[in-house]
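The structure appears right after this line, and notes come after that.
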Amino acid sequence: MKSKYIIILVLLVGLVILAVIEYRKYISPKGINIDKNKYPITGIDISKHTGIINWEHIKKQKISFVYIKATEGQDYIDPNYYINLARARKANIKVGEYHFFRFNKSGKVQAQNFLSHALHDPEELTPVVDIEEWGNLPIYKSDAEIKKQIRLFLIEVQSVIHRKMIIYTNMDSYNRYIKGSFTQHPIWICSFSKSPKLPDNRNWLFWQHAHNGKLNGIKGDVDMNTFNGSELEWKAYLETLK
């Protein structure tokens, strides 16, 4: 009888968590338009959820870069990663890959998953680790332990690629897990304010300003991003990667 009540309690907790997630999705903004005179470099980030992409159409719309999901957690590989990577390269779009970090998994093991499957080219964009609470509920570890595992992940990957990974995050997760730490890692911030400002006045490299972007060649919504600089600064940044 006791086990029956435990099962019911677990199910109820799960339903509450799902309800909170769906409510937050409903009330959250989907994105904003930005001043392309100030931020002329446009990029997208994609995963299997983006579906089949016509890369020739994407190229014609002045998309300068794309980040492609490669891995997640300790053993997941995005099923569209390899084909997206090959086709984006063929379309001559600057590419990079990202790993979705699971808070309740070992950072070192997750790094091994990423390094085993991501086809990183040293002259392409610097790899990214995605740090956010979305998709990580419920969280069983303390903030300190999560930050420790993030650090172990970054150290492990850096030992192989010899670069400081870029950290993608939103404002809530930045305040909770990133602020005051990982100061040598560039920041890719998700924010729907008109001009994102990190709480510790740290500079950001990329800005994700919309989840509801529309492009020819992609049937549904796509995440839209920009680089923090002019076209000349973008070219100079790319030169630093060679």
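The values are calculated or read from the model by the stated rules, or taken from the named source; none is laboratory data. Here the structure is a predicted model, which means the values were calculated and not measured. Here the Cβ positions follow ideal geometry from the backbone for every residue, glycine too, while neighbour counts run over all protein chains shown. We work out accessible area using only protein heavy atoms, side chains counted, and drop any ligands, DNA or RNA first. Shrake-Rupley method; radii C 1.70, N 1.55, O 1.52, S 1.80 Å.
Just a few scattered comments:
- Number of the exception - residue 149 against (1) crowded, with 17+ Cβ neighbours inside 10 Å; (2) touching a Phe, Trp or Tyr at 6+ places or on another chain (Cβ under 9 Å); (3) over 18 Å from residue 102 (Cβ atoms): (3)
- Top-ranked residue of region 129-146 - restricted to ones that are part of a loop (DSSP other than H, G, I, E, B) and closer than 12 Å to residue 105 by Cβ, ranked as least open to solvent (accessible area, probe 1.4 Å): 136
- If you go through region 116-125 and keep only what is in contact with a strand residue (DSSP E or B) (Cβ under 9 Å, 6 or more places away or on another chain) and either crowded, with 19+ Cβ neighbours inside 10 Å or not polar (S, T, N, Q) (or both), you end up with 117, 118, 119, 120, 121, 124, 125.
- Test: residue 200 is in contact (Cβ under 8 Å) with a residue 60 or more places away in the chain and open to solvent by less than 70 Å² (accessible area, probe 1.4 Å): no
- Test result for residue 5, more than 20 Å from residue 207 (Cα to Cα), modelled with pLDDT of 90 or more and assigned to a helix (DSSP H, G or I): no
- Checked against the criterion of being surrounded by 22 or more Cβ atoms within 10 Å (Cβ to Cβ), of a type in the set (Phe, Trp, Tyr) and in contact (Cβ under 8 Å) with a residue 60 or more places away in the chain, region 81-99 has at least one qualifying residue.
- Of all residues assigned to region 209-223, none qualifies as being more than 25 Å from residue 56 (Cα to Cα) and out of contact with any strand residue (DSSP E or B) (no Cβ under 8 Å at 6 or more places or on another chain).
- Some residue of region 213-235 being aliphatic (A, V, I, L, M), at pLDDT 95 or above and more than 28 Å from residue 49 (Cβ to Cβ): yes
- When residue 194 is tested against (1) farther than 19 Å from residue 32 by Cα; (2) more than 19 Å from the chain's Cα centre (by Cα); (3) basic (Lys, Arg), only condition (1) is not met.
- Unique match (being hydroxyl-bearing (Ser, Thr, Tyr), surrounded by 14 or more Cβ atoms within 10 Å (Cβ to Cβ), touching a Lys or Arg at 6+ places or on another chain (Cβ under 7 Å) and in contact (Cβ under 8 Å) with a residue 40 or more places away in the chain) among 64, 106: 64
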